[in-house]
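First the structure, in the form of structure tokens, and then the observations on it.
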Amino acid sequence: MSTAALPADFLRALAEGFPSDFLSREPSELQEYGRDWTRVYTPAPSAVALPRTTDEVSRLLSLCHQHHVAVVPSGGRTGLAGGAVAARGELVLSLRRMNRMDAVDSLGNTVRVQAGAVTEAVHQHCAPYGLTWPVDFASKGSSTVGGNIATNAGGVKVIRYGLTRQWVLGLQVVTATGQVLELNGALEKNNTGTDLRQLFIGSEGTLGVITEATLKLTRLPGKQDVFLFAVPDVAAVLRLFRDARQAPLLISAYEFFTDLCLARVQRHRKLRSPFEAPSGCYVLLEAESPDASAVEAWLASLFERGLVTDGTQAQGMAQSAELWALRESISESLSATGVLHKNDISLPVAALEAFCAELDSVFRARYPGWEICLFGHIGDGNLHVNIMKPDTLEKDAFFAHVKQADHAMFELVRKHGGSISAEHGIGLLKKDYLAYSRAPAELELLRALKRALDPQGILNPGKILDA
């Protein structure tokens, strides 16, 4: 659909009621704002709206509802499920200009910010008060608070702090008809019926547009020790995790990646491994260590008991950053060094070992010789499964193959009580598989909510569910 698809009356109303720089139709901006990190769909938005206030969002959505204009809300567009893609002539509603951060309330441990505030900027804004919003992931330098909330983002610290949902006290939301809702404010307690705020967290912009949020803060953690361990396989990763749970540590992150992931990182970023000998898997552990002598004894016992084959502890912030770079460069490196198919799944932690063993059997039987790059947040049951395209296979044939592989993998996910999407949402990429994680009665309730809150279906149409 071309830019001419926007109704003339709608464009006239925008020209009369909004600033001259409110709407962009620059081809470069259409390309940039029409896609997210999936790079699967060709962006084709009609235009990009760039509001500065909730009032402008409200008046815009009222006009969109009146003129039946489809809208794709847009934050940092760091998602990997196609949730921020505008491929059918939709109007992109970008919140990048709405990045105000109010003063930190150090008594209530809260801060109110606009949805376009960048995650890392919020961290920096709160740090002088000894506080943080503990939502943290590799894309924190470009992801935005609104997008984090709309997808209920996870990240590397979920094992300690939980998901985004747990750190949002209040929301300002604009509905599809332009109505502005103030939900819960800065209240810790508010037992007045259904918590409407929770309807919008994780709904991927399909039920309303989040414009501001009151975030719950916590104290900055104490000194963090960062360790990298080498272990032979995924089963050993899980054995080490079980042992670390009993160790004298307060675990903040427990991440793993395979040797295939490391090889791609080294090819793309030229980063060095701290180990001389290669290993099947690596574990990055970040934790507070209240009793240094007890931790030293535990570390020594890991080698004595054969739980690790090698290991290193970062000496200072620079080395910590180097070890974290090995883990946080993986997604970027995989995309830069080949064509791939990504999956983001979660399992009950207790089911991980059995699931991983069965998944390995499925791939070895169906796709012998294929490069499967696994990494993830083992501490909260989240696996990222990345299938690299073999050089001998054409791109179209590859994606046809992996769609079949998805069905086999999601059957295993359902068998073990897991979810087909741990932290990136459903978007366009996963909606055909949603029934593996949601029962028919749940899906009907989701459709009923959509009809009630967005009767004309203008908000992020085609995402999560078809009409």
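The values are calculated or read from the model by the stated rules, or taken from the named source; none is laboratory data. It should be emphasised that the depicted structure is a prediction, and the values quoted were computed from it without experimental measurement. Positions of Cβ are backbone-derived with ideal geometry, glycine not excepted, and every protein chain shown enters the neighbour counts. The accessibility values were calculated without ligands, DNA or RNA, using every heavy atom of the protein model including side chains. Shrake-Rupley method; radii C 1.70, N 1.55, O 1.52, S 1.80 Å.
Which members of region 358-372 meet the condition of being part of a helix (DSSP H, G or I) and aliphatic (A, V, I, L, M)? Can you show your working first?
From region 358-372, those part of a helix (DSSP H, G or I) are 358-366; that's our starting set.
Hits for region 358-372 are 359, 362, 365.
Report, by residue number, each residue of region 169-203 that is surrounded by 21 or more Cβ atoms within 10 Å (Cβ to Cβ) and in contact with a Phe, Trp or Tyr (Cβ under 9 Å, 6 or more places away or on another chain).
171, 173, 183
Looking at this structure, is residue 116 within 25 Å of residue 422 (Cα to Cα), open to solvent by less than 30 Å² (accessible area, probe 1.4 Å), part of a loop (DSSP other than H, G, I, E, B) and at pLDDT 95 or above? Break it down stepwise before answering.
Values: within 25 Å of residue 422 (Cα to Cα): yes; open to solvent by less than 30 Å² (accessible area, probe 1.4 Å): yes; part of a loop (DSSP other than H, G, I, E, B): yes; at pLDDT 95 or above: yes.
Taking the combined requirement at face value, the residue satisfies it.
Filter region 36-53 down to residues that are crowded, with 20+ Cβ neighbours inside 10 Å and at pLDDT 95 or above and give me whichever is nearest to residue 113 (Cα to Cα).
The qualifying residue nearest to residue 113 (Cα to Cα) is 51.
Taking only region 442-467 into account, find how many residues are part of a helix (DSSP H, G or I) and either open to solvent by less than 70 Å² (accessible area, probe 1.4 Å) or of a type in the set (D, E, K, R) (or both).
Residues of region 442-467 that are part of a helix (DSSP H, G or I), as a first pass: 442-453.
Filter once more, so that each one left must be either open to solvent by less than 70 Å² (accessible area, probe 1.4 Å) or of a type in the set (D, E, K, R) (or both): 442-444, 446-451, 453.
Qualifying residue count, region 442-467: 10.
Which of the following residues is open to solvent by 50 Å² or more (accessible area, probe 1.4 Å), modelled with pLDDT under 90 and more than 17 Å from the chain's Cα centre (by Cα): 391, 360? Before the answer, list the steps.
Working: 391 fails: modelled with pLDDT under 90.
Exactly one of 391, 360 is open to solvent by 50 Å² or more (accessible area, probe 1.4 Å), modelled with pLDDT under 90 and more than 17 Å from the chain's Cα centre (by Cα), namely 360.
Go through region 314-337 and report how many residues are surrounded by 17 or more Cβ atoms within 10 Å (Cβ to Cβ) and either assigned to a helix (DSSP H, G or I) or not hydroxyl-bearing (Ser, Thr, Tyr) (or both).
Summing the residues that are surrounded by 17 or more Cβ atoms within 10 Å (Cβ to Cβ) and either assigned to a helix (DSSP H, G or I) or not hydroxyl-bearing (Ser, Thr, Tyr) (or both) in region 314-337 gives 12.
Every residue in region 4-29 that is in contact (Cβ under 8 Å) with a residue 40 or more places away in the chain and either closer than 18 Å to residue 461 by Cβ or surrounded by 16 or more Cβ atoms within 10 Å (Cβ to Cβ) (or both), please.
Listed by number, the residues that qualify are 5, 6, 7, 10, 13, 14, 18.
Working only within region 248-273, note down all residues that are in a loop (DSSP other than H, G, I, E, B) and open to solvent by less than 10 Å² (accessible area, probe 1.4 Å). Step through it out loud before you land on a result.
At the first step, the residues of region 248-273 found to be in a loop (DSSP other than H, G, I, E, B) are 248-249, 270-273.
Result: no residue meets the conditions.
State all residues of region 394-411 that are open to solvent by 10 Å² or more (accessible area, probe 1.4 Å) and out of contact with any helix residue (DSSP H, G or I) (no Cβ under 6 Å at 6 or more places or on another chain); if no residue qualifies, say none. Show your work before the answer.
The initial filter retains those residues of region 394-411 that are open to solvent by 10 Å² or more (accessible area, probe 1.4 Å), namely 394-397, 399-401, 403-404, 407-408, 411.
Those that are open to solvent by 10 Å² or more (accessible area, probe 1.4 Å) and out of contact with any helix residue (DSSP H, G or I) (no Cβ under 6 Å at 6 or more places or on another chain): 394, 395, 396, 397, 399, 400, 401, 403, 404, 407, 411.
Looking only at region 274-293, count how many residues are closer than 23 Å to residue 157 by Cβ, of a type outside the set (D, E, K, R) and open to solvent by less than 50 Å² (accessible area, probe 1.4 Å). I'd like the intermediate steps shown before the answer.
Taking region 274-293 and keeping what is closer than 23 Å to residue 157 by Cβ, we get 274, 281-292.
Subsequent filtering for residues that are of a type outside the set (D, E, K, R) retains 274, 281-285, 287, 289-290, 292.
Checking the rest, the ones that are also open to solvent by less than 50 Å² (accessible area, probe 1.4 Å) come to 281-285, 287, 289.
The number of residues fulfilling the criteria is 7.
Could you identify the single residue in 111, 92, 135, 122 that is out of contact with any Cys (no Cβ under 9 Å at 6 or more places or on another chain), assigned to a strand (DSSP E or B) and either buried (at least 20 other Cβ atoms within 10 Å of the Cβ) or charged (D, E, K, R) (or both)? Please lay out each step first, then the result.
Numbers: 111 fails: out of contact with any Cys (no Cβ under 9 Å at 6 or more places or on another chain); 135 fails: assigned to a strand (DSSP E or B); 122 fails: assigned to a strand (DSSP E or B).
Unique residue meeting the criteria: 92.
Hey, can you tell me all the residues within region 147-168 that are open to solvent by less than 10 Å² (accessible area, probe 1.4 Å) and not in a loop (DSSP other than H, G, I, E, B)?
148, 149, 164, 168
Can you tell me which condition residue 414 does not meet? The list is (1) open to solvent by 30 Å² or more (accessible area, probe 1.4 Å); (2) under 23 Å from residue 36 (Cβ atoms); (3) in contact with a helix residue (DSSP H, G or I) (Cβ under 9 Å, 6 or more places away or on another chain), and all the others hold.
Against the list (1) open to solvent by 30 Å² or more (accessible area, probe 1.4 Å); (2) under 23 Å from residue 36 (Cβ atoms); (3) in contact with a helix residue (DSSP H, G or I) (Cβ under 9 Å, 6 or more places away or on another chain), residue 414 comes up short only on (2).
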